[in-house]
Amino acid sequence: MDLLSKKAHAIAPYTAGEQFRDKQYVKLNTNENPYPPSPRVREALSALNAEELRLYPRPDAGLLRAAVARKEGVLPENVFCGNGSDEVLALSFPAFFDADGAGACFADITYSFYEVFAAFFGIPKKIVPLSSDFTLDLGAMRRQDCRGYYIANPNAPTGIGIGRAEMEAFVASVPEKLVVLDEAYMDFFGESCAPLTKRYANLLVVKTFSKSYSLAGIRCGYAVGNAALIGGLMRMKDCFNSYPVDAVAEAVCAAAVADGAYHAEAVRKVVSEREHLRAELVRRGFFVPESGANFLFAGRGARGGQELYEGLKARGVLVRYWKKPVLDDFVRITVGTREQDDALLEKLDELLTSE
Ligand SMILES: *Cc1c(COP(=O)(O)O)cnc(C)c1O
């Protein structure tokens, strides 16, 4: 007997990076932040009253919405909070796209969840290849017949970012189409487009607490956009789960987002270590595009991604690779602490001398 739906059989789920708990790896495979979250997170956790957990949390994560709104310089009605930015992105597909509409446009090499969500919600997709230098081809995207766009900026897994002026010009050039900017890594690159949501009603900016805030374990992300777009997300949320942000996540993230100084310093450390690691990889003959994220996309021709991945894993270092055309020449390496990155380079040298 098979009780699964046709959809459950047909769907190709997103494959997340491995999360081993058995062995101590140098874990540079899922873009977690190597530094701890703000000390205010610990304070918020100790201040939590366990008895109050008997109550449902705020359905709109109102406390966190207000804290995020303050940080982003918008009103609470311009903020939507969800259980990870993955959930925010997921809800955006049924909120803004129809199965019989012109569909969602995104790059062939980008965050692979967009394709999974489009398939899950039955939304047509329009795929635009990256240019040969791995940058996004915004001109080709602009010419697509579609209802809207998903753009990771900086892009994953290349790490390549687009400056705010160029991004704004794109958003302004497609006023009838929705632009969803996934800024999961923007803090490591440059200026967010979130303030532009006040000027462009077709812009939705999605962010996460998982990367620059060192809170991947809490599962929280948010979107910034005009009230009509936020309202669409709220309607969808209330069809799936009225309380996607739990009471613990709300308190923790509100504390983290209010500690701007700590956040800025954590980002600065990652960026500085990223430049060091990139230089070391380039010195070893790797091709590594300049990254605006907390990871590096590195390839070395002769050694494919799988070989690097397996050789490093056998030596206790985890990186990410994909069994897909183009991507299989590369590995994606999360920027770690100096100790972690030194360990990676040492194992890499072992591997390369055995060539
Ligand atoms: C990590 C990541 C996310 C998801 O973050 P969560 O908030 O942990 O769900 C979204 N988009 C991109 C491009 C990412 O790399």
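Quick notes on this structure:
- Here the calculated FRET efficiency for Glu339 and Glu275, from their Cβ-Cβ distance with R0 = 25 Å, stands at 0.90, rounded to the nearest 0.05.
- Sequence ranges 244-257, 128-141, ranked by mean other-Cβ count within 10 angstrom, highest first: 244-257, 128-141
- Relative contact order, whole percent, for the chain stands at 23, derived from Cα pairs under 8 Å and 6 or more residues apart.
- What a 1.4 Å probe finds exposed on the chain is 53% carbon and sulfur by accessible area, rounded to a whole percent.
- Peptides 78-89, 101-112 ranked from most to least packed, by the mean per-residue count of other Cβ atoms within 10 Å: 78-89, 101-112.
- Distribution of pairwise C-alpha distances over the range 142-221, 10 Å bins, in %: 18, 50, 26, 5
- Coordinate range along principal axes, alpha carbons of the range 31-163, Å, largest first: 53, 36, 27
- Here the Kirkwood formula, the inverse mean of 1/r across different C-alpha pairs, assigns the chain a hydrodynamic radius of 21.2 Å.
- Shape class for the range 80-223, computed from the alpha carbon gyration tensor (a ≥ b ≥ c): rounded, with a/c under 1.5.
- Separation of the range 190-262 from the range 270-331 is 30 Å, based on Cα centroids.
- By the rule of a C-alpha distance below 18 Å, with chain neighbours fewer than 8 residues away ignored, the lysines paired with Lys71 are Lys198, Lys207, Lys211.
The values are calculated or read from the model by the stated rules, or taken from the named source; none is laboratory data. Only a predicted model underlies this, so the values are computations on that prediction, with no experimental measurement involved. When we count neighbours, we look across all protein chains shown, and the Cβ atoms used for this are built from the backbone with ideal geometry, even at glycine. Just the protein is used for accessible areas: all its heavy atoms, side chains included, with ligands, DNA and RNA removed. Shrake-Rupley method; radii C 1.70, N 1.55, O 1.52, S 1.80 Å.
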